[in-house]
1. Pull up the DSSP beta bridges for the chain and report the antiparallel fraction as a percent, rounded to 5.
2. Mind checking Rg over Rh on segment 520-584, alpha carbons, Kirkwood formula for Rh?
3. For 495, 105, 529, 662, which order do you get if you count the other beta carbons within 10 Å of each Cβ and list the fewest first?
4. What does the convex hull of the Cα atoms of the chain come to per residue, in Å³, rounded to a whole number?
5. Test of understanding: ordering 78, 204, 466, 160 by Cβ neighbours within 10 Å, fewest first, what list do you get?
6. Obtain the nm distance between the two label points defined at residue 306 and residue 197 by a simple spin-label model: each point lies 7 Å from its Cα along the Cα-to-C-beta direction.
7. Need the full-extension length gain, residue 632 to residue 393, defined as separation in residues times 0.36 nm minus the C-alpha distance. One decimal, nm.
8. For the ranges 346-352, 447-453, what's the packing order if you count other beta-carbon atoms within 10 Å of each residue, average per peptide, and put the highest first?
Ligand code: GCV
């Protein structure tokens with residue numbers, strides 16, 4: 001063969017060897033040095049711990065590391081100690097988590113000193129909204145990794161096992177220890193014998209990684225599966241049905257975690273259909289699980305199209321029931337009072353239920369934040385919620401502390417994240433969406449960790465200064481200065497940018513239709529539930545814009561503990577980021593900047609779009625430091641994001657301008673789309 005052909009072949013081979021499809025997440029094979037691991041016991045979990053150390057050790061060549069299980073009061077549940085000998089923990093899983101921490105520190109270059117690390121929450125769980133046919137509600141990264149349609153739907157293949165294995169390892173590496181395998185809009189099929197066998201197969205793979213499996217269940221299952229005349233939680237036959245179903249599950253999966261229930265919400269059945277309360281419904285199922293140590297995560301996401309402000313409904317429903325739940329019931333509440341919007345104040349339920357375990361539910365999948373197209377790092381949003389002061393027990397009673405057991409005696413402490421994982425080769429659809437999975441795990445383990453640290457860690461683990469460059473010359477070898485710092489800055493600004501170009505200053509839920517992607521402040525088809533249409537939320541008219549939640553309006557403010565109720569009510573103290581969440585204000589209302597409200601809205605949309613343009617430039621500049629595959633993938637997504645930001649800006653400004661009847665400030669770039677065009681396009685797509 002001619003030399004030139006050999007050269008071409010070798011070049012192609014080198015590209016394919018280096019092809020970076022993102023599948024390895026933050027767990028790259030970094031090459032290891034020799035280590036001598038001493039562990040007296042052997043078990044599936046400990047064997048993983050030893051293997052991980054041997055494959056990933058980056059410390060002193062030939063060092064000896066001792067893994068020791070020994071009771072120590074300072075170490076809690078899954079916690080661990082890293083000391084000069086190695087890792088000490090009370091449990092095998094503690095050892096495994098300690099190994100991942102040690103390896104992470106080696107790879108990121110963080111100092112390795114004597115430390116004890118205990119998790120903030122005992123249960124750190126992903127909620128998959130996966131359906132038995134393999135589709136995923138609000139999933140943007142392909143089909144389910146657990147379920148599929150067709151004749152072979154329930155056959156467990158080697159490929160399934162490999163994927164579940166990789167998934168379990170990735171989760172364990174960031175401390176996640178539970179997975180709800182199916183959608184909260186649950187199909188009764190999941191409780192059938194056949195499906196439970198597949199659940200067992202998944203549980204068997206997850207077990208050594210410390211990941212328990214849970215299922216979402218439909219409240220009317222007794223009727224739907226076994227034809228019982230009722231699913232009334234106080235009916236003896238119904239009670240017996242759940243007891244038997246639970247017994248069956250534990251006979252197949254002895255360490256099954258429990259159930260997640262969406263009841264009396266968005267058309268799902270629940271105890272109220274039988275005149276019973278949420279407590280009566282939850283307790284009946286919880287009582288069946290109790291002998292086996294199982295739990296019920298009962299969702300607080302309940303609302304109906306009544307005259308009552310949607311933001312008030314969950315609190316009104318659940319706070320009066322405080323103290324009435326069994327101790328293995330956890331009330332799971334979304335971070336905000338409405339629904340995972342780009343920005344919401346925290347849900348007033350946090351801290352208000354003092355005798356009940358309450359769990360924050362965060363959304364990792366970007367349903368309302370550009371799905372798998374927009375680069376939006378969510379840690380700053382979650383940090384904002386977790387660090388919000390509730391004042392329920394004075395200063396320091398943050399959402400984090402009201403839910404992690406440090407203030408209230410909660411038998412179970414739980415934090416849940418709605419997963420963004422699918423069959424896409426890079427799991428999440430967008431390389432940077434992996435950072436949100438990672439961030440959820442890190443915050444679930446340590447709810448006071450800063451977003452900046454998470455971004456820093458993730459970038460160092462996911463990208464590498466040694467990346468081969470394909471024809472693009474680096475400015476210098478300064479990977480930290482030229483790659484890490486600008487990209488980290490971009491990640492940290494990305495959530496605020498999305499708020500700016502989508503719904504700034506407290507605006508919320510102004511998406512067109514049910515896709516929850518593009519703008520639609522006008523969207524209100526005839527006959528549609530009013531609380532599912534944007535005008536319900538923005539209330540724009542010629543007088544002004546915003547939802548009045550003060551005592552003059554829905555009075556949702558009074559669900560917050562003082563001094564917050566007064567702070568949010570008073571225009572002088574209400575943070576501008578929440579202004580239109582709590583107030584309906586005239587277009588010429590004077591903002592802190594001296595501009596009118598209308599002008600301020602315009603500048604926010606403009607700056608959101610400009611921020612994305614900056615992100616594009618930053619990304620192009622770091623090209624020499626990124627592998628070609630991921631560089632091109634992110635570049636292309638950023639182009640889409642920029643187009644979308646332009647659409648958001650134009651749609652919202654031109655629509656609201658019909659009411660404000662004021663010019664868009666002249667130093668702002670003019671819209672490039674016509675409003676009618678945007679409305680028509682959206683109608684065509686989502687009619
Ligand atoms: C799983 C929102 C979403 C729904 C989701 C629901 C929930 O309404 O749009 O897709 O349903 O929240 O959290 O139950």
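Each value in this text was obtained by applying a stated rule to the coordinates, not by laboratory testing. The structure displayed is predicted, hence computed values, not measured ones. So basically every Cβ, Gly included, is an ideal-geometry build from the backbone, and we count neighbours across all protein chains shown.
1. Numbers: 12 of 53 bridges.
Bridges in the chain that DSSP calls antiparallel: roughly 25 percent.
2. Taking Rh as the inverse mean 1/r over Cα pairs, Rg/Rh reads 1.04.
3. Lowest count first: 529, 662, 105, 495.
4. So the per-residue hull volume is 190 Å³.
5. 466, 204, 160, 78
6. Calculated label separation equals 4.6 nm.
7. Details: separation 239, 0.36 × 239 = 86.04 nm, distance 4.99 nm.
Between residue 632 and residue 393, full extension yields an extra 81.0 nm.
8. Working: 346-352: 24.4, 447-453: 17.3.
The densest-packed peptide leads the list: 346-352, 447-453.
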